[in-house]
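Everything below concerns the one structure shown next.
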Amino acid sequence: MKKKIFEIFKKAVESFENLNKIELIATFGEISRIENSNFYEIDSFIISNKKVHDNFISYLQTQFEKENFNP
Amino acid sequence: MIILFLIYKHNLKKKILIHDLNYRNLSDLLMKEWKSVVNNMKYRLKILHGDKNFPNKIPFLKLSGKELLQGIVEWSQKIKSNEEFKIFQKYLVKIIPKLLQDYDYLDLSNLKKIQKLLNKKFAWNKKLEKVKDLLVKF
C-alpha cells in the first residue's frame, strides 16, 4: 500500500499541468500507517507560491480519489 | 505551517492524511521550521520535481541536546493514557536511531538508556516516568 501511495503521488506530480510554476516537490520521510487504523500519512514538501501550491494539493486529492484508494 | 488535508470517501476503506508543507524558498523554510526539522529535511527529502541537489543546499544546523529533544519532552508531559504512551513509544523506537546517527557530536547516551528501557516489560506509567526522568537530564 505504501508503494501504491508513493506511485499515486509521483504520477500526480508528473501529470500536473502547472508543474513548471513549482520550483520543487518532494516527499519528506517515510509514508507511515497509523497503528490499528486504515489511515496512512505522507509528508508533502513544496516550494512555490501559495496559489499554485493549493492548486497542486487539490489536484493531488482528485488523483487519490480517482484511484479509489482501496486495495 | 502545516495544513492537514484529510482525503476520504465514506465508502473507501483506506484513507490518507497529507501533511502539507509549503515554503516560498529556502530562506522561508529556515525561518519557519525548528532546527531539528530542518536537519531532518536535509537528510530525508525525496525530490520528485526540481533541483535534486536541493537537500545539499540546506545547512546542517548545530543544536544542543535540549533543543533537539524539546518537542519530545513536551510530548512526554502530555501523555495521560496507555494508548497515548503506545504512540509515543512507537515514535521513540523509530526516531532514536535516526537522532543517534544525525547528531553524533552530542552526548545522547540517555537516549540509548531509553532505547533499552522501552524493550523492557513493565507498567506503562512507570516506564513513562523513567523516560521523562532521562529526558530532563539533557
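The values are calculated or read from the model by the stated rules, or taken from the named source; none is laboratory data. Note that the coordinates shown come from a computational prediction; the quantities given were computed from them, not determined experimentally. Note: ideal-geometry Cβ built from the backbone for every residue, glycine included; neighbour counts use all protein chains shown.
Quick notes on this structure:
- Checklist (1) within 12 Å of another protein chain (Cβ to nearest Cβ); (2) surrounded by 13 or more Cβ atoms within 10 Å (Cβ to Cβ); (3) out of contact with any Pro (no Cβ under 9 Å at 6 or more places or on another chain) applied to B:S27, failing item: (2)
- Residue within the range A:23-41 that is farther than 30 Å from B:Q89 by Cβ, in contact with an Asp or Glu (Cβ under 8 Å, 6 or more places away or on another chain) and more than 7 Å from every other protein chain (Cβ to nearest Cβ) present: no
- Cβ separations smaller than 8 Å between residues 6+ apart or across chains give the following pairs from the range B:73-88 residues that are farther than 16 Å from B:D133 by Cα and in the same structural domain as B:E129 (by TED's automatic domain parsing) to residues that are surrounded by 12 or more Cβ atoms within 10 Å (Cβ to Cβ) and among the hydrophobic types (A, V, I, L, M, F, W, C): B:N82/B:W124; B:K86/B:W124.
This table checks each residue for (1) buried (at least 17 other Cβ atoms within 10 Å of the Cβ); (2) not charged (D, E, K, R).
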position	(1), (2)
A:K3	no, no
A:F9	yes, yes
A:F16	yes, yes
A:E23	yes, no
A:D43	yes, no
A:I47	yes, yes
A:H53	yes, yes
A:L60	yes, yes
A:K66	no, no
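- Filter result for A:K51 (modelled with pLDDT of 95 or more, outside any strand (DSSP E or B), of a type outside the set (F, W, Y) and touching a strand residue (DSSP E or B) at 6+ places or on another chain (Cβ under 9 Å)): no
- Exactly one residue out of A:F45, A:F9 is modelled with pLDDT of 90 or more, within 23 Å of B:G50 (Cβ to Cβ) and part of a helix (DSSP H, G or I): that is A:F9.
- Some residue of the range B:126-135 being part of a loop (DSSP other than H, G, I, E, B) and either out of contact with any Cys (no Cβ under 7 Å at 6 or more places or on another chain) or over 26 Å from B:S81 (Cα atoms) (or both): no
- Pairs are defined by a Cβ separation below 6 Å, a sequence spacing of at least 6 or placement on different chains, a first member in the range A:1-12 that is under 12 Å from A:Q63 (Cβ atoms), and a second member that is assigned to a helix (DSSP H, G or I) and of a type in the set (F, W, Y); the pairs so defined are A:I8/A:F64.
- Answer from B:K57, B:K32 - the residue that is more than 7 Å from chain A (Cβ to nearest Cβ), more than 24 Å from B:Q101 (Cβ to Cβ) and touching a residue at least 12 places away in the same chain (Cβ under 8 Å): B:K32
- Selected residue [more than 14 Å from chain A (Cβ to nearest Cβ), among the polar types (S, T, N, Q), surrounded by fewer than 17 Cβ atoms within 10 Å (Cβ to Cβ) and closer than 21 Å to B:K126 by Cα] from B:S76, B:S64, B:S81: B:S81
- Only residues that are more than 17 Å from the chain's Cα centre (by Cα) and either of a type in the set (F, W, Y) or assigned to a loop (DSSP other than H, G, I, E, B) (or both) were counted across the range B:107-125, and they come to 6.
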